[in-house]
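Data first, discussion second: the structure below is written as structure tokens.
The values are calculated or read from the model by the stated rules, or taken from the named source; none is laboratory data. Given the structure is predicted, the values throughout are model-derived calculations rather than measurements. When we count neighbours, we look across all protein chains shown, and the Cβ atoms used for this are built from the backbone with ideal geometry, even at glycine. SASA here: full protein model, heavy atoms, side chains in, ligands and nucleic acids out. Shrake-Rupley method; radii C 1.70, N 1.55, O 1.52, S 1.80 Å.
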Amino acid sequence: MKLVTRLNSRMYKRLLILIVLFSAFTYSPQSAYAQAGIVGPIYVVQAGDSLSSIASRFSVSIDDLMSANEITDANSLFAGQQLVIPGLEGVTGTFSTEDINFGDSFRSLIRRTQVPLPLFKKINRIISPSEFHVGAKMIVPVEAGTQTLNTRMTSTIGESLLELAIKNNTDTWTLSHYNKLQGTWDGIPGDTLLAAGLNSDQAISGLPSAFISAEIEGLPIKQGGTMVIKIKTDPGVTLGGSLVDHPLHFFPVEDGTQVALQGVHALILPGVYPIRLEATLPDGSKQSYEQFIPITSGNYLTGENLPVDPFLIDPAVTEPEQQQLEGITLPATPIKYWANQFLSPASNYAETTFPTSFYGTSRVYLGQGTDLKINWWHTGIDFGGGTGLPITAPAAGQVVFAGFLTVRGNATIIDHGWGVYSGFWHQSEIQVQVGDVIEQGQVIGLVGGTGRVTGPHLHWELWVNGIQVDPLDWLNQAYP
């Protein structure tokens, strides 16, 4: 009996030792934050994130971030990993990264996500409204069970919140609650309100209700680029608007969608600029929306010095001709002539189709025999080649100018429709007339050296709604 008891005692001690050893290998001590009972919101790591960028984003130290998440290797971060963000006591939920799309506004994002304004500003460190632009990334805390707001409505002048609620099958208390209004009297004409639980095919954004959806292709837009705006509206809605101070012209395509093309000047400073949309409804009422969009550098070349006849850089000569061109290329014809991607106007002589001088390059024109210097920039692209080589139309259109210009020599301008024009300068011979409808690839003239040139070449430039843009963009992609 004593032997059995002694054996049981030894087995118990061995079992106790094994349990202790096993616990040592499987137990990880909690961090100082976890031991103190501090639990912060969760951030889901995105592709391209680093610990330093995340720490900077939330104004915490890397050491605190590593400690809160028991990270020992700063290089072990991976996309999809969940991190606790310390230092944001009282904030819960999971942080979601949202790209600001066209149609989002500061107010609409707060309403859609139901995040208190002070908290949103604190998380994203918003100082100026210009920081909230298309393409910017914002952090939004998402709580489980948050109500989805999926319907937009816009009140008109003289329409009460009660009338708006009845028209949209909801009630004034609900609208006031979700849209952070002080009360049923707090509605403002033209304000876009959000509601929950209703069926709608509208995109969830801050756009007025007449806009079913809105999209700007190719953001951010570069200097010298072409902006494509696509708006889908309710039937009978007429669209207008402006980029900076330039009016937009919209043309219908299909399914209630309207498209506007707008060039961005090569010399506009990089930054964020306002774009404004205006909708006129069938009953004559209007809705409008304004948002900032980013414009980036075109990274154009510098350093071309060209000796020319001083008469041809005299502002008394150049300014009237420039104004004449602006007048010709300003109308936005509703007919869209082109159907395919643009082709090089020098494609018939394959060895020289590569441009010899690019759009946007800064230039200094030197008046021969004088001290006259004019700083300018290249408004198109040049193709080399000898006199007499064929120039072909890059796309279909109608000839609106064919004649001699002092600076540009023998010139042809083709209207492609929707505010898009091609200009061909310095020709030795013009082979079309005003009014001719031109097909893509048709010969319109011959390369020459007339006007302000240093040798025979083809200069091709492209105007989009009154602004000269980079023609290479139109060779490299199809525009609607």
task = Name the single residue, out of those in region 124-142 being assigned to a loop (DSSP other than H, G, I, E, B) and not aliphatic (A, V, I, L, M), that is modelled with the lowest pLDDT.
result = S128
ask   = When you go through (1) over 30 Å from I212 (Cβ atoms); (2) of a type in the set (S, T, Y); (3) loosely packed, with under 15 Cβ neighbours inside 10 Å one by one for T97, which number turns out not to apply?
value = (1)
query = Does region 33-45 contain at least one residue that is over 23 Å from I123 (Cβ atoms) and modelled with pLDDT under 55?
reply = yes
ask   = If you check G241, G225, which single one turns out to be of a type in the set (G, A, S) and on the phi < 0 side of the Ramachandran plot?
value = G225
ask   = Can you name the residue in region 356-372 that is closer than 26 Å to G263 by Cα and not in a strand (DSSP E or B) and, of all such residues, is modelled with the lowest pLDDT?
value = T356
task = Only residues that are assigned to a loop (DSSP other than H, G, I, E, B), among the acidic types (D, E) and free of Cβ contacts under 8 Å to residues at least 60 places away in the same chain: list them for region 82-116, please.
result = E89
key: Selection count, region 144-160, where residues are in a loop (DSSP other than H, G, I, E, B), at pLDDT below 80 and either touching a strand residue (DSSP E or B) at 6+ places or on another chain (Cβ under 8 Å) or more than 14 Å from I110 (Cα to Cα) (or both)   = 8
query = Can you list the strands (runs of 3 or more DSSP E) found entirely within region 248-302 that contain at least 1 residues being under 21 Å from E326 (Cα atoms)?
reply = 257-263
task = Within region 293-305, count every residue that is at pLDDT 90 or above and either on the phi > 0 side of the Ramachandran plot or not β-branched (V, I, T) (or both).
result = 5
ask   = among the β-branched types (V, I, T), at pLDDT below 80 and open to solvent by less than 20 Å² (accessible area, probe 1.4 Å), is that true of I85?
value = no
request  = Could you list all residues from region 433-450 that are open to solvent by 10 Å² or more (accessible area, probe 1.4 Å) and over 23 Å from T226 (Cβ atoms)?
outcome  = Q433, V434, G435, D436, V437, Q442, V443, L446, G449, T450
request  = Identify, from the list L281, L239, L261, the residue that is modelled with pLDDT of 95 or more, among the aliphatic types (A, V, I, L, M), open to solvent by less than 40 Å² (accessible area, probe 1.4 Å) and over 22 Å from T379 (Cα atoms).
outcome  = L239
task = For W418, work out the one condition from (1) touching a Leu at 6+ places or on another chain (Cβ under 7 Å); (2) surrounded by fewer than 19 Cβ atoms within 10 Å (Cβ to Cβ); (3) on the phi > 0 side of the Ramachandran plot it doesn't fulfil.
result = (2)
query = Checking M66 against (1) outside any loop (DSSP other than H, G, I, E, B); (2) within 30 Å of the chain's Cα centre (by Cα), which single condition isn't satisfied?
reply = (2)
key: Selection within region 304-339 - part of a helix (DSSP H, G or I), open to solvent by 60 Å² or more (accessible area, probe 1.4 Å) and not charged (D, E, K, R)   = F311, P315, A316, P320, Q323, Q324
message = Tell me the residue from S297, S288 that is polar (S, T, N, Q), open to solvent by 30 Å² or more (accessible area, probe 1.4 Å) and within 29 Å of I335 (Cα to Cα), please.
response = S288
